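Worksheet: one structure, shown below.
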């Protein structure tokens, strides 16, 4: 459609020769496009060689390449005229070849038909003769099959009777062997049961002696277990009462300490507001008051320290309780 040169179209056809046989959505071959766009005659010839049948192919509008270029206004141009003449010669050659091919095909068909008729006639005659032979052989085969069937039936009857007698004999022999095996098994079982009875009697006597001894031992252990249980219950109850008292005392002491600490901070704040100096009791108290004076600006820190002291006291109390609980257990 863009009138590419002949060398370029030749290269495309050598790489992808199937492209000359592909159609557009309007049913056009590349030859239709080349003729419509007045491509170079060499390009048209290359496409004709690649797809010879496109000369007489029609697009969706029913136009052949020759119909596209067969217009008076186009034939006045040299390129269109050359393409029209080339297509005309190719079309004539194509039609001549088609006619010759058709005539040759008709001749070959006629010749093949005559040959087929002759061969068919000869084959029919041979088939009749062969069918006669086959019919005779089939009859002989049927007669032989009937005789074989009769012989097979007699043989099967005899075999059936023999097999029936053999099965009956095998059943009797199997019954005899089974009875003998049962007798031997019963004798062995009787001997085994006698031995087991003796062993069981001896075992029963021995077990009864062991039971008497274990009953006495169990009676002694039961008395010891009752006394131990009563003693442990008493110790456990006493330990629980002591532990509960210690926990109550530690909790009350922590609550009292918090209350006193709160009252002390309130009193110190009131004395500072009144301008009254805090009384000094001893060196340890003085150090505590000085520390409280430095930390007075941050009440949250004092509360954290009191909590830490309370937690430490609680931990110490719990550690003190642990040896008693361990001994109780």
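Bear in mind these aren't lab numbers, they're just calculated from the coordinates by the rules spelled out. Model, not experiment: these values are computed from the prediction. Cβ: placed from backbone, ideal geometry, glycine included. Neighbour counts: every protein chain shown.
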Legend entry - Cα-derived Rg over Rh, computed across the range 14-77 with Rh taken as Kirkwood radius: 0.96
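Starting from the alpha-carbon convex hull of the range 6-116, give the projected area averaged over all orientations, in nm².
Values: hull surface 35.5 nm².
It is 8.9 nm².
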Legend entry - Per principal axis, descending, Cα span of the range 137-264 in whole Å: 140, 59, 10
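Output the peptides 203-212, 59-68 sorted from most to least packed, where packing is the average of other Cβ atoms within 10 Å over each peptide's residues.
Numbers: 203-212: 10.2, 59-68: 17.0.
Listed from highest to lowest mean packing, they are 59-68, 203-212.
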Legend entry - Ranking of 7, 52 by count of other Cβ atoms within 10 Å, fewest first: 7, 52
Inset, instruction - Can you run the Rg to Rh ratio on the range 52-165? Use alpha carbon positions and the Kirkwood inverse-distance Rh. - result: 1.68
Inset, instruction - Would you mind ranking 187, 2 by Cβ crowding within 10 Å, fewest neighbours first? - result: 2, 187
